[in-house]
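Student: Pasting a structure below so you can have a look.
The values are calculated or read from the model by the stated rules, or taken from the named source; none is laboratory data. Please read these numbers as outputs of a predicted model, since none were measured by experiment. Quick reminder, even Gly has a Cβ in these numbers, built from the backbone with ideal geometry, and neighbours come from all protein chains shown.
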Amino acid sequence: MSTAPSMAATNQNSTQGPVTGNSETPGLDSEIQLVSSLAKLQELERKIHELRGFMPQGLLEPLVPIANPDKVALGNPVAETPRVLRASLDEAARARVADVQQFQSLWRDPELTSVWAHVESRIKEANGQLLQPNGKWERDYDVLLEELARTEKSKIDERQREGEEAEYTKAQSTEGEWKNVLERFLQRNMPGVRVIKGLDESSLAVALVRAGLVFQVKGVSFPGSPVSGWDVSSKIAGRSPTKLENAVLGCVESRPRKWDLSFLLDMISSYADIKQTPCVKCNRLTDNGAQLPTLRRPQANQQSADGPARIYTFDALHYGCA
Ligand SMILES: [Zn+2]
């Protein structure tokens, strides 16, 4: 088990691919994958030490307080009847079997397939000589993995922020670009979505016919500047907003990309079938409080900015399932 650190050091230059045919098998070619595999190996080793204690101690734990009255503990009292003792022994056995199964599934983890293949090939290269471990782990790889994952995420966030800034600047540089965005949206003819242009230059009403929801959308701009953001409300003359409208509005108002009309129109449209769209988390339409999934989370794999006009898609969620 503790051969792992030396494998990590040598694998980076290794060009012989011990990775088996399946291309979905994660390889060992990035720092984060290496660390993730090492963390799993470390966990396996820890479990191996644990497994050694199963036979016979782990299985016979319920007998300990009987044989050794000094060791009676709150969690391990003397069984009052043979039937209770039998039940405790059964339970101890089931728990150990579950532990062994958990160990096996970690061992067969697809991520470790390439690790085992690498070990095999190294042993073959060494004419059957087993790899010599140095006997100890140099690092806590689960801690290292967390650090790497955090760094990776902040890099991605940073790239995203920069990308959005560039998009914003580009959108602002064309006077009336939002009209093109609206035109492209209207051409898509989204079922159940009706857009009514308002009297004001940059105001619209978006009606979701099947959902029975109507939203007012209004461009925000400083005099002489292009529209820099979009306000949404559900105030309709002559009636107050419904509970559902308020819940949806709360989510729409907290959206990112407030300058982006295309994001807003796609987000509002994602509510068109709210009464038929189950929550992605619990797969149910209404939660225990009889509420519909009114939260919308943008899906990660949005098309890139350089392609044709981007279409945003959203996952529906209950507030309680977020
Ligand atoms: Zn749910």
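Yes/no matrix, rows are residues, columns are (1) at pLDDT 90 or above; (2) more than 16 Å from the ligand (Cβ to nearest atom); (3) of a type in the set (Val, Ile, Thr):
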site: 248; (1), (2), (3): yes, no, yes
site: 252; (1), (2), (3): yes, yes, yes
site: 261; (1), (2), (3): yes, yes, no
site: 282; (1), (2), (3): yes, no, no
site: 304; (1), (2), (3): no, yes, no
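Student: In the stretch 306-322, which residue that is more than 16 Å from the ligand (Cβ to nearest atom) and not polar (S, T, N, Q) is modelled with the highest pLDDT?
Tutor: Residues of the stretch 306-322 that are more than 16 Å from the ligand (Cβ to nearest atom), as a first pass: 306-313.
Checking which are not polar (S, T, N, Q) leaves us with 306-312.
Working: 306: 55, 307: 58, 308: 63, 309: 72, 310: 82, 311: 89, 312: 92.
Selected residue: 312.
Student: A further question follows. Would you please name the residue that is surrounded by the most Cβ atoms within 10 Å (Cβ to Cβ), looking only at residues in the stretch 221-255 that are of a type in the set (Asp, Glu) and assigned to a helix (DSSP H, G or I)?
Tutor: Going residue by residue through the stretch 221-255, those that are of a type in the set (Asp, Glu) are 231, 245, 253.
Checking the rest, the ones that are also assigned to a helix (DSSP H, G or I) come to 245, 253.
On the way: 245: 23, 253: 11.
Ranking the candidates gives 245 first.
Student: Just give me the residues in the stretch 87-113 being of a type outside the set (A, V, I, L, M), farther than 13 Å from residue 60 by Cβ and either part of a helix (DSSP H, G or I) or touching an Asp or Glu at 6+ places or on another chain (Cβ under 9 Å) (or both), in sequence order. Working first, answer last.
Tutor: Within the stretch 87-113, the subset of a type outside the set (A, V, I, L, M) is 88, 90-91, 94, 96, 99, 101-105, 107-111, 113.
When the remaining residues are screened for being farther than 13 Å from residue 60 by Cβ, the result is 94, 99, 101-105, 107-111, 113.
Listed by number, the residues that qualify are 94, 99, 101, 102, 103, 104, 105, 107, 110, 111, 113.
Student: Of the conditions (1) assigned to a loop (DSSP other than H, G, I, E, B); (2) within 23 Å of residue 188 (Cα to Cα); (3) touching a helix residue (DSSP H, G or I) at 6+ places or on another chain (Cβ under 7 Å), residue 258 clears all except one; give me its number.
Tutor: Evaluating residue 258 over (1) assigned to a loop (DSSP other than H, G, I, E, B); (2) within 23 Å of residue 188 (Cα to Cα); (3) touching a helix residue (DSSP H, G or I) at 6+ places or on another chain (Cβ under 7 Å) leaves (3) as the failure.
Student: Could you check the stretch 66-76 and list, in sequence order, the residues that are outside any strand (DSSP E or B) and out of contact with any helix residue (DSSP H, G or I) (no Cβ under 6 Å at 6 or more places or on another chain)?
Tutor: The first filter runs over the stretch 66-76 and keeps only residues outside any strand (DSSP E or B), leaving 66-72, 74-75.
Answer for the stretch 66-76, where residues must be outside any strand (DSSP E or B) and out of contact with any helix residue (DSSP H, G or I) (no Cβ under 6 Å at 6 or more places or on another chain): 66, 67, 68, 69, 70, 74, 75.
Student: Let me ask you something else. Under 7 Å between Cβ atoms, at least 6 apart or on separate chains: pull out the pairs that start in the stretch 276-289 with a residue that is in contact (Cβ under 8 Å) with a residue 24 or more places away in the chain and end on any residue that is more than 8 Å from the ligand (Cβ to nearest atom) and outside any loop (DSSP other than H, G, I, E, B).
Tutor: Final answer for the pair search is 277/316; 279/316; 280/315; 280/316.
Student: Any idea which of 266, 200 is within 20 Å of residue 317 (Cβ to Cβ) and of a type in the set (Asp, Glu)?
Tutor: Numbers: 200 fails: within 20 Å of residue 317 (Cβ to Cβ).
After applying the criteria, what remains is 266.
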